[in-house]
Amino acid sequence: MKKHKHGLAAGDIQPASPDWTIPQGWENYTDTEHATWKTLFERQCKLLPGRACDEFVAGMQDLPMGAEQIPDFDEVNEVLLKRTGWQIVAVPGLVPDDVFFNHLANRRFPSGNFIRRPDELDYLEEPDVFHDVFGHVPMLMNPAIADFIQAYGEGGLRAQQLGFLPQLARVYWYTIEFGLLKQRGELRLFGAGIASSFTESQFCLDSDSPNRIRFDLERVMRTLYRIDDFQETYFVIRDLDELLEFTQIDFAPLYERAQAAPELQPGQILPTDEVFHRGTGAYHRKAQAH
Ligand code: HBI
Ligand code: FE
């Protein structure tokens, strides 16, 4: 059965504990699994200079994470806890939304403990240890991201009760997973979904195909996204402190307006958008033709 990012299929793994955490089981990783990590790590480390934002690179440098082995969560947590009060906890895969939000609200980042298969390096059905640890943890070393993701966890529980979860999830998607920002006049990536992807870390910045548009909260809350392919549009924040400003805003009136307005297609551009790059759309046109 096909699972996707926003739901659990029947027959999925049952939780070993109410918060769905499990031991990482570091000693159980095989040589093949460590080798998969190494392949992914070395590929990404070649691509990220000049593409990832300064904060991602700095976070990575300060972490006990290298090419040779899948990181030991205890060792990572020693550094991460001291820096921003965050820690990672191991989970078997996607966890229910309320469980996910509750962890984030308490500065625990749920990370898959498994790694993708060597013959599926660019295919991810669920977030694995490479996406979660390589993609998310360097940014969790940054105080602005640290506070923003905690606020997302707190806001998630509230949005769920109010019926605005899709609107909030779009904000997470277009920032924490696929966000770009400007640094010294150039676009850089900070989203974990792109930082951890060999193909999309290039596509999001180098390709003429996708749109690159100035981030606007209410606009993003209306924008559908793709879970099955590269994004058609990337949104660009001013800098990471802009995310910190969002933690000070009451989202409720924004949700109301966003929900009342028409939904926007992933590739759609509005006359009011500040467009950094108007995409040709060539990639998705071609993908659709097949
Ligand atoms: N569970 N482990 C894990 N990782 C996620 O990124 C995740 C999740 N459960 C729900 C979820 N993400 C999203 O659907 C929410 O942000 C809405
Ligand atoms: Fe993620």
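The values are calculated or read from the model by the stated rules, or taken from the named source; none is laboratory data. Only a predicted model underlies this, so the values are computations on that prediction, with no experimental measurement involved. In this analysis, Cβ positions are derived from the backbone assuming ideal geometry, glycine residues included, and neighbour counts consider all displayed protein chains. Accessible surface is based on the protein model in full, side chains and every heavy atom, while ligands, DNA and RNA are left aside. Shrake-Rupley method; radii C 1.70, N 1.55, O 1.52, S 1.80 Å.
What's the tally of Lys pairs in the chain whose alpha-carbon atoms lie under 27 angstrom apart, where the two lysines are 8 or more places apart or on different chains?
8
Please tell me the relative contact order of segment 127-207 in percent, rounded to the nearest whole number, where contacts are Cα pairs under 8 Å and at least six residues apart.
Rounded, it is 28 percent for segment 127-207.
Could you tell me whether segment 123-173 comes out rounded, prolate or oblate from its Cα gyration tensor? Rule is a ≥ b ≥ c as square roots of the eigenvalues, rounded for a/c under 1.5, then prolate if a/b exceeds b/c, otherwise oblate.
Since a/c reaches 1.5 but b/c is at least a/b, the shape of segment 123-173 is classed as oblate.
Have a look at the DSSP beta bridges in the chain and tell me what percent are antiparallel, nearest 5.
35 percent
Within the P(r) computed for segment 117-247, what percentage of the Cα pairs occupies the region above 27 Å?
When all Cα pairs of segment 117-247 are counted, 16 percent exceed 27 Å.
Ordering Leu168, Leu121 by accessible area with a probe of 1.4 Å, largest first, what comes out?
So the residues, ranked largest to smallest area, are Leu121, Leu168.
Trp26: accessible area at probe 1.4 Å, nearest 10 Å²?
Here the accessible area works out near 70 Å².
Enumerate the whole-percent occupancy of each 5 Å bin, from 0 to the last occupied one, for all C-alpha pair distances of segment 26-289.
Going out from 0 Å in 5 Å bins, segment 26-289 shows 1, 6, 13, 18, 19, 18, 13, 8, 3, 1, 0 percent.
Can you tell me the dipole magnitude for the chain around its Cα centre, using point charges on the Cβ only (Lys, Arg +1; Asp, Glu -1), in Debye to the nearest 20?
The calculation lands at about 800 debye.
Once amide H atoms are built 1.01 Å from N in the peptide plane, which residues 5 or more positions from Asn211, or in another chain, come under 5 Å H to H?
Thr233, Tyr234, Gly279
Per-residue accessible area for Tyr123 at 1.4 Å probe radius, Å² rounded to 10?
Taking all protein chains as shown, Tyr123 has close to 100 Å².
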